[in-house]
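K.L.:
Below: one structure in structure tokens.
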Amino acid sequence: NALASILKSGEVLTLAGEGNELEGKKYWMFKVVGVDKVMSKEVDEITNNHALIGVLVDSAKLFDSSVTSTGLALTIFSNASSLSARQLLYQKESIKEDNGWAVALLEEEGMTQFPSYSIKLNIKKELGWQEVDKELVFNALLIGVGVTLLIIALVRAKDQQSKELKQRNVVIERQVAEQTKELALTRDQALEASRVKSEFLASMSHEIRTPLNAIIGMSSLLEETPLNTEQKNYISVFKKAGDTLLSLVNDILDLSKIEAQQLVLENISFNLLETVEESVEIYALKAAENDVELLCHVDEEISINRMGDSARLRQIILNLISNALKFTEQGEVVVRVSEEPNDKDGETLRFSVSDSGIGIPAAKLDAIFASFTQVDSSTTRKYGGTGLGLSISRSLSEMMGGRIWVESEEGKGSNFCFTAKLDAVETEALEATNNTLTGITVLIVDDNAVCRDIIKSKLLANGAIVHEACDAEQVNTLFKNKDEIKPDIILVDFKMPTMNGFEFIEELKSRGLSSKLIMMLGAADLNHNMSRIKEAGIDAYLIKPIKRSELIQQLEFVQSGKTSISSAGTKTAGENADLKPLKILLVEDNPDNLLTISAILDSIDKNYITAESGNEGIEKAKKEKPCLILMDIQLPDLSGIDAVKKIKQIPELAQIPVAALTARAMKGDREEFLAH
């Protein structure tokens, strides 16, 4: 009853007890089971509807026969967390058998978990040699021997491979050493070839520039002499040919310097506005002769004081303008400068040169920046040139920390753009303040809309009130619709479609208009119309492309009541009659250059003496004591540099300024000459 009250229904309890030696271990197994309701009332009262069943188990009879037949050693334990705890249920040592020498002891443990207790078994068996499968051992030995032999073979192969690798390394090291010597020799040969090339280019530059100096100089002098029309045409032809050849020589030298990495950019302060406007001004006459409008606009918000190489920047702009004029037969070429949109610091500027020319096919856009490449490379091409300008411009823009590209459509013109990093310069001196034209009303009359926009932006930035019209008809409409418009100054373009500037001004005067008048002329129109400007009573004139400073200056000048035409002019020779002419020593051995320079000095009434060698130049410098020496660098007996050294050693001649005459233009030439 006590056990039945402790155990739950279905649980089993094992209790071991000692039997006699013959019977071995014995144990009881108890289990509580439910009693059917038909059982007696007495049982039901005693067990409370449960009954306890007990079984006495003799472990020897249960396991001995199995253990004896297999030669196993068996141990069985019972583990319970309740009454019985851990108890030994059965233990039997294995019977020793004559199986030869023991090979191994095999042991296995297992445990079976029941609801309230667990049974743990430990089985041991001693494995003898006779029980081992000999065939399996033999196969294992064969496999082991095979694996051993394989390992030995792999080790030997690795050793052999290591020896071969060492031998191969020796061969490779020897080859590398030989190739290093060959590369060193090739490098030395390349350096020598580069040096020879540089010397050749310097020599060729000198030899080509020397006669070109005479050709261009003499053509300029001859052009100023009385000539008939046919002679002027002939002179114009060989003068242009000389300029073209000189440009080609310069391009080849620049390309050679870039390839040899000998081109070094300067980093000096310069005026961006002046550099761009002067670059555009160089091609003003050519554009006017071709009846192409050449315009220039630099954003007013840009700081014009910059750091960089202004000469190389000018070279890129000139290359792009030259290309644009070459391929534009009518319309306009516009040069613009603005801040690069993607640059937050404002140090990178974007330059663009757009034209209304023939455009570039899409297939040629990527190739035009290569050396010696043109859009039309056929033998029947219309436009000449070597194709070096854009290649040099690309290299220069990259050296300036920018890039160059083109946007174009065939038949609709091109837009060449490049960027350059030009740091702004902070100056203590304040630039000219804007709003100097505040309250002044200006009327712009020009048929070119781009030109009107550029002039208008410049005037608005300086505080002026601006109106614009494209022709006389629009001016009349403007005055009729807005009677309050009374312009203080009218800017009139000379070339307009319906009537020219003079005719338009005459019409304005016939209507009694009292505004000041400024005529805008092309570079080719000034000489032919200067007298008409004075006769028409025009207050001032401007030459296109119009510079910002000249535009503002002329407007202020005219508004003040003065006329810039009457005050303009140069000093006459009589004003400088009291000045003594300078005595100049010219040292030059080339007869053509000697004649050219002498003719130029004669044309400006300079007192000069000549020498044709270095030693002769030294002697004449001692005797004449000139105010200035023009010294050729390459002389027959004594170089110009050595001659200058000897002249500077003479105390009374040491302070005489010396200007070098040379056609050498390679890197370091200028620095070498200035050092002496």
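The values are calculated or read from the model by the stated rules, or taken from the named source; none is laboratory data. Values in this document were obtained by computation on a predicted structure and should not be read as measured data. Every residue, glycine as well, gets a Cβ built from its backbone with ideal geometry; the counts of neighbours run over all protein chains shown. Surface accessibility is based on the protein's heavy atoms, side chains included, excluding ligands, DNA and RNA. Shrake-Rupley method; radii C 1.70, N 1.55, O 1.52, S 1.80 Å.
K.L.:
Can you give the accessible area of residue 436 in Å² (nearest 10), computed on protein heavy atoms with a 1.4 Å probe?
P.N.:
60 Å²
K.L.:
Using only protein heavy atoms and a 1.4 Å probe, report how much of residue 204 is accessible, in Å² to the nearest 10.
P.N.:
Its heavy atoms expose roughly 70 Å² to the probe.
K.L.:
Turning to a different aspect of this structure: Share of the stretch 271-335's accessible area from carbon and sulfur, percent, 1.4 Å?
P.N.:
Working: 1020 of 2360 Å².
Here it works out to 43 percent.
K.L.:
I would also like to ask the following. Under 5 Å between amide hydrogens, which residues at least 5 positions from residue 661 or on another chain qualify, with H placed 1.01 Å from N in the peptide plane?
P.N.:
Distant-sequence amide H within range of residue 661: 631, 632, 633.
K.L.:
Something else: Could you rank 519, 499 by how accessible they are, 1.4 Å probe, largest area first?
P.N.:
On the way: 519 0, 499 45 Å².
Ranked from most to least accessible, the order is 499, 519.
K.L.:
For residue 586, which sequence-distant residues (separation of 5 or more, or a different chain) have an amide H within less than 5 Å of its own amide H, given hydrogens modelled in the peptide plane?
P.N.:
It is 609, 610, 611, 630, by chain and number.
K.L.:
Here is a follow-up. Please give the direction-averaged projected area of the C-alpha convex hull for the stretch 107-166, in square nanometres with one decimal.
P.N.:
8.7 nm²
K.L.:
Another question, then. Restricting everything to alpha-carbon atoms, can you work out Rg to Rh for the stretch 596-654 with a Kirkwood hydrodynamic radius?
P.N.:
Numbers: Rg = 11.7 Å, Rh = 12.0 Å.
Here the Rg-to-Rh quotient is 0.97.
K.L.:
Quick one: with all protein chains in place, what share of the accessible area of the stretch 464-560 is carbon or sulfur, to the nearest percent (1.4 Å probe)?
P.N.:
Values: 2210 of 4760 Å².
Here carbon and sulfur together make up 46 percent of the probe-accessible area.
K.L.:
Would you mind putting 552-560, 358-366 in packing order, based on average other-beta-carbon counts within 10 Å, highest first? Walk me through the intermediate numbers first.
P.N.:
Numbers: 552-560: 17.4, 358-366: 14.4.
Descending mean neighbour count gives 552-560, 358-366.
K.L.:
Kirkwood Rh, the stretch 257-364, all Cα pairs: how many Å? Please report the intermediate quantities before stating the final value.
P.N.:
Values: mean 1/r = 0.0657 Å⁻¹.
Mean inverse Cα-Cα distance, inverted, gives 15.2 Å.
K.L.:
If you count, for each residue, the other Cβ atoms within 10 Å and average over each peptide, how do 166-176, 313-323 line up from highest to lowest?
P.N.:
Numbers: 166-176: 10.4, 313-323: 21.8.
Sorting 166-176, 313-323 by mean packing, highest first, produces 313-323, 166-176.
K.L.:
Right, another one. What is the log10 of I(q)/I(0) for the stretch 135-181, computed with the Debye formula using one identical point scatterer on each Cα and no solvent, at q = 0.16 Å⁻¹?
P.N.:
Treating every Cα as an identical point scatterer, log10 I(q)/I(0) equals -0.60.
K.L.:
I need the semi-axes of the equivalent ellipsoid of the stretch 195-328: take the C-alpha gyration tensor, multiply each eigenvalue by 5, square-root it, list largest first in whole angstrom.
P.N.:
Calculated on Cα positions only, the semi-axes equal 29, 26, 13 Å.
K.L.:
At a 1.4 Å probe radius, which order do 207, 347 fall into by accessible area, largest first? Walk me through the numbers on the way to the answer.
P.N.:
Numbers: 207 105, 347 40 Å².
Ranking 207, 347 by accessible area, largest first, yields 207, 347.
K.L.:
Related question: Can you tell me which of 274-283, 485-494 comes out highest on packing, and rank the rest after it, using the mean Cβ neighbours within 10 Å? Mind showing how you got there, number by number?
P.N.:
Details: 274-283: 18.8, 485-494: 20.8.
Most protected by this proxy first, the peptides run 485-494, 274-283.
K.L.:
Which value, in Å² rounded to 10, gives the accessible area of residue 109 with a 1.4 Å probe and all protein chains present?
P.N.:
110 Å²
K.L.:
Specify, per residue and in Å³, the volume enclosed by the convex hull of the alpha carbon atoms belonging to the stretch 386-428. Before the final figure, lay out the partial values.
P.N.:
Values: hull volume 4.3 nm³, N = 43.
Cα-based convex hull of the stretch 386-428, divided per residue, equals 101 Å³.
K.L.:
Let me ask another. Where does the stretch 460-539 land on Rg(C-alpha)/(2.2 N^0.38 Å)?
P.N.:
Working: Rg = 13.0 Å, N = 80, 2.2 N^0.38 = 11.6 Å.
Compactness ratio reported: 1.12.
K.L.:
Which shape class applies to the stretch 126-256: rounded if a/c is under 1.5, otherwise prolate when a/b exceeds b/c and oblate if not, where a ≥ b ≥ c are the square roots of the Cα gyration tensor eigenvalues?
P.N.:
Details: a/c = 12.97, a/b = 5.04, b/c = 2.57.
Since a/c reaches 1.5 and a/b is larger than b/c, the shape of the stretch 126-256 is classed as prolate.
K.L.:
Explain nothing, just compute: Karplus ³J(HN,Hα) = 6.51 cos²θ - 1.76 cosθ + 1.60, θ = phi - 60°, for every residue of the stretch 185-190 in order, whole Hz, x for Gly and Pro.
P.N.:
Working through the residues one at a time gives 5, 5, 4, 4, 5, 5 Hz.
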